[in-house]
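The block underneath contains the structure these notes are about, expressed in structure tokens.
Derivation of every value follows stated rules applied to the coordinates shown; laboratory data play no part. Bear in mind that the values here come from a model prediction, so they are computed numbers and not experimental data. In this analysis, Cβ positions are derived from the backbone assuming ideal geometry, glycine residues included, and neighbour counts consider all displayed protein chains.
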Amino acid sequence: MTIQPKLGLKTFAVVVPKDELLKNNPSADPRDTAWEAALNRLERIMYYEREPILLSHDEGENAIVRKLARKARRAGTAGSRFGTGMLRVPARLLIDDPVPRRSDQSYLVQLADLNAYAAYRCLYPPPDHRYSIVPKSMWEKLGSARHWQANRYSGGPTAIVTRTR
């Protein structure tokens with residue numbers, strides 16, 4: 001975790017509490033909700049930083065991720081920060097289709113998996129055990145690698161985006 005800031009990496013996480021999501025919207029798909037939130041945040045980062053992004057993801061749901069990325073590139077939407085409806089914000093700086101990678105062959109995908117789990121444990125601490133593999137404080141070890149702009153207005157933990165709707 002501590003090497004990521006030294007490498008100049010930036011990370012954020014999307015956590016979707018399934019029980020809350022399904023209570024608020026029984027027809028919602030937690031996976032789609034998470035990917036749409038991630039693509040929305042990436043679009044905002046690309047827009048404000050004027051940097052294109054090539055998305056690489058853990059293989060397994062290639063068709064779904066490609067479909068959602070293409071939709072985001074063509075007709076992306078985001079909720080207004082002021083609660084006044086939806087804004088149209090296509091992810092025009094998303095380079096090409098997402099690239100699937102096997103996590104056992106990509107250190108970056110493995111880091112993303114670890115970061116996601118650390119973000120989850122930051123919001124939902126592990127039960128007390130003799131040995132804690134990923135303690136609640138692990139997300140903090142990312143330091144400056146946490147891309148605080150991803151959730152700058154939510155007031156939650158730095159660089160953790162949550163979706164319950």
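Give me the number: length gained by fully extending THR164 to TYR117, i.e. 0.36 nm times residue separation minus the C-alpha to C-alpha distance, one decimal in nm. Can you show the working numbers first?
Values: separation 47, 0.36 × 47 = 16.92 nm, distance 1.80 nm.
Extra length from THR164 to TYR117 when fully extended: 15.1 nm.
Note down the relative contact order for the chain as a percent, whole number, built from C-alpha pairs under 8 angstrom at least six residues apart.
Values: 243 pairs, mean separation 58.9, N = 165.
For the chain, the relative contact order is 36 percent.
Which order results if GLU36, GLU20, GLU43 are arranged by neighbouring Cβ count within 10 Å, fewest first? Walk me through the numbers before you get to the answer.
Working: GLU36 19, GLU20 13, GLU43 22.
Ordered by Cβ neighbours within 10 Å, fewest first: GLU20, GLU36, GLU43.
Where in the chain are the DSSP H helices whose C-alpha atoms run 20 Å or more along the long axis and whose mean Kyte hydropathy is at least -1.0? Intermediate results must be reported in sequence, preceding the final value.
Values: long enough: 30-49 (28 Å, -0.87); 107-123 (24 Å, 0.60).
Answer set is 30-49, 107-123.
Give the total of Lys-Lys pairs in segment 3-162 with Cα-Cα distances below 25 Å; include a pair only if its members are 8 or more places apart or on different chains.
Lysine pairs meeting the criterion: 9.
Set the Förster distance to 22 Å, then compute FRET efficiency between ASP29 and ARG152 from the Cβ-Cβ distance, nearest 0.05.
0.25
According to a simple spin-label model (label point 7 Å from Cα along Cα-to-Cβ), what is the distance in nm between LYS141 and LYS67?
3.7 nm
Please work out which option in (1) 71, 34, 28; (2) 48, 36, 29; (3) 49, 42, 25 gives Cα extents along the principal axes in Å calculated from these coordinates, and answer with its label.
The value computed from this structure is option (2).
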